[in-house]
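Read the structure below first, then the notes.
Please treat every number below as a calculation from the coordinates, not as lab data. Nothing here was measured: the structure is a model prediction, and the numbers come from that model. Don't worry about glycine lacking a Cβ; one is built from the backbone with ideal geometry, like all the others, and counts go over all protein chains shown.
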Amino acid sequence: MTTSGSLVPVRDFPVGNLGGRARAWLSGAGAPPVTPKPAATVLLVRDAESVVGGVEVFMLRRVASMEFAPSTWVFPGGGVDPRDDEPDLPWAGPAPAAWAAELGCSEGMARALVAAAVREVFEECGVLLAGPTPQTVVADLRDPEWDRERAALLAREQSLAEMLVRRSLVLRSDLLSARGRWVTPEFEPRRYDTWFFAALLPPGQIPDDDTTEADHADWTSPTALLTDHHAGRALMLPPTVVSVEEVAAADSAESFVRRPSPGAVVPVAPVLVETDGGVVIRCAIP
């Protein structure tokens with residue numbers, strides 16, 4: 001780790017198998033950068049059930065055929081859908097205006113990001129951050145009807161707002177906390193402006209691996225995953241590495257999710273840098 005003149009911690013990450021594309025970009029042969037798509041991802045955590053203790057985080061390993069980040073360990077998440085910003089979305093907890101101040105975006109984008117976070121966690125692992133009242137959550141999602149709801153969301157046959165209204169549920173924005181924001185480097189052909197959230201596993205709910213986008217999905221020890229990553233046995237992108245490190249350092253799942261807000265989220269925009277040791281992805285991490 002190095003430090004910039006503004007005392008912001010700076011970290012360099014290897015480019016891995018993206019070296020050819022990275023060098024092409026640095027030489028000016030790469031295509032013009034595309035506009036990043038807004039996205040949301042969620043660090044779903046719980047206190048470990050093993051005697052070792054610590055905090056576990058639910059993670060997925062993307063299938064090898066994915067165009068973006070194949071065979072890479074990620075958190076549940078994905079791109080914002082235009083219908084995530086629906087004014088009639090049943091809502092409990094901090095209002096979109098409050099989220100806008102914390103996320104550093106417009107009120108409409110804040111509503112869409114929080115909705116996308118809730119929707120993606122439900123689509124990818126069957127955990128629903130919503131309940132019949134502003135103080136409760138759905139405790140049992142084992143009924144096959146919930147599988148059909150997930151499938152309809154995935155097929156974009158319904159929006160999250162439509163599902164919640166029909167089910168007489170409200171989105172629990174208070175169950176989420178903002179963790180950070182990362183923008184995909186300019187040399188990548190697919191780019192995302194991703195806001196990171198954290199959430200505790202709701203009581204009574206059990207995440208699953210019923211997603212076609214991953215070949216493995218389960219509770220993960222952050223320490224073990226970091227060991228595998230440094231040994232070359234597990235692929236992770238820089239924002240995932242930093243986030244997993246934060247989970248590994250947490251005293252409890254509750255303290256990890258409920259840490260005091262540092263204010264408006266500052267985006268991390270990694271850049272390519274040629275060093276004596278080769279090309280690296282450099283990140284100034286606030």
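Could you sort the peptides 179-189, 261-271 by per-residue average Cβ neighbour count (10 Å cutoff), highest mean leading?
Ranking the peptides 179-189, 261-271 by packing returns 179-189, 261-271.
When the C-alpha atoms of the chain are aligned to their principal axes, what extent does each axis show, in angstrom, from largest down?
Here the spans come out as 59, 45, 39 Å, largest first.
Packing-wise, with mean Cβ within 10 Å as the measure, how do 135-145, 109-119 rank, highest first?
On the way: 135-145: 12.9, 109-119: 26.1.
Taking the mean over residues of other Cβ atoms within 10 Å, the ranking is 109-119, 135-145.
Just the ratio, please: alpha-carbon radius of gyration of region 110-168 over 2.2 N^0.38 Å, N its number of residues.
Numbers: Rg = 10.8 Å, N = 59, 2.2 N^0.38 = 10.4 Å.
The reported ratio for this selection is 1.05.
Could you work out the equivalent-ellipsoid semi-axes for region 1-128, taking the square root of 5 times each eigenvalue of the Cα gyration tensor, largest first, in whole Å?
Semi-axes, largest first: 29, 23, 19 Å.
If you count the DSSP beta bridges with both ends in the chain, what percent of them are antiparallel, to the nearest 5? Don't jump to the answer; show the numbers that get you there.
Values: 35 of 49 bridges.
Roughly 70 percent of the beta bridges in the chain run antiparallel, per DSSP.
Picking from Asp12, Asp228, Asp209, which is most flexible by a Gaussian network model of the chain using Cα springs under 10 Å?
Fluctuation is largest for Asp228.
Hey, if you drop one equal point scatterer on each alpha-carbon of region 91-244 and run the Debye formula without solvent, what base-10 log of I(q)/I(0) do you get at q = 0.12 Å⁻¹?
Evaluating at q = 0.12 Å⁻¹ gives log10 I(q)/I(0) of -0.59.
Along the three principal axes, how long is region 184-250 when you take its alpha carbons, biggest first, rounded to the nearest angstrom?
Computed over region 184-250, the largest-to-smallest principal extents equal 43, 25, 24 Å.
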